[in-house]
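Working notes, beginning with the structure itself.
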């Protein structure tokens, strides 16, 4: 942007120089006088917008779980200055989160998609994840799958995206092989905690369905170890997988007899 200011100022200064016969040093002086106020004004405006956006976004995020979503949408629409002056992708990200709270997942997806198109590269992965989740909730499973694949192509160890993509390929075409591969990747990348234990429970259930009982048992044992201090509700999925494994082993034993 500053280069554009300099080019504009240089053009004006050159024109003035041609009319007045001013020399090179005089043109440079006039160039500085033209560019400096524009740069200073731009920096001041950026600072004002940044401070106002940080305050507004912090307030909205704080209010998201507390206020009715309709109220948040009204507050967003009142913020005319930021909607025009703040970075487009940041404001649209906020709008998408409000629509999620409203349960309007198609509108949320539209906001996140527009934000993604306007976002710099460093912000695109997070927005693509939000877009994929909204598309899934809206019932557009094909497009949701595409965006989750784009995410793991860039962030190949992103555990939630691997897990969601595994669920999608199961839901859409019952692809046990790919879903198992994705959950294996997620389990290998996940930290050893309660959340990853749920993932291992999902993986174990898929492995039991495919008759890979030893692998399923390994996943269940790791999960149960990590859940040793957890409550019953957190252990439920893993215990379901353990029960499925026990049934499968019993059926295998009966068949061999």
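Each reported figure results from applying straightforward, stated rules to the coordinates on display, with no laboratory input. Quantities reported herein were computed from a predicted structural model and do not represent experimental measurements. Positions of Cβ are generated from backbone atoms using ideal geometry, with glycine treated the same way; all protein chains shown enter the neighbour counts.
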With a point put 7 Å past each Cα toward its Cβ, work out how far residue 236 is from residue 156 in nm, to one decimal. 3.6 nm
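Ranked from highest to lowest mean number of other Cβ atoms within 10 Å per residue, what is the order of the peptides 59-71, 235-247, 102-114?
Values: 59-71: 12.5, 235-247: 17.2, 102-114: 19.8.
Descending mean neighbour count gives 102-114, 235-247, 59-71.
Please compute the volume of the convex hull spanned by the alpha-carbon atoms of segment 41-138 and report it per residue in Å³.
Working: hull volume 9.0 nm³, N = 98.
Dividing the Cα hull volume of segment 41-138 by its residues yields 91 Å³.
With a Förster radius of 30 Å, plug the Cβ-Cβ distance of residue 50 and residue 189 into 1/(1 + (r/R0)^6) and report the FRET value to the nearest 0.05. Provide the component values of the computation, followed by the final result.
Details: r = 34 Å, r/R0 = 1.15.
Efficiency at R0 = 30 Å is approximately 0.30.
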Given segment 112-195, what whole percent of its Cα pairs are spread farther than 16 Å? 51 percent
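Can you give the FRET efficiency for residue 210 and residue 106, using 1/(1 + (r/R0)^6), R0 = 51 Å, r = Cβ-Cβ distance, to the nearest 0.05? Present the calculation step by step, with values, prior to reporting the outcome.
Values: r = 36 Å, r/R0 = 0.70.
According to the calculation, E is roughly 0.90.
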In whole Å, largest first, the alpha carbons of segment 93-142 cover along the principal axes 27, 23, 13
Evaluate the distance, in nm, between pseudo-label points positioned 7 Å from the Cα of residue 75 and of residue 177 along their respective Cα→Cβ axes. 5.1 nm
Mean-position separation - Cα centroids, segment 172-209 and segment 211-257, in angstrom: 13 Å
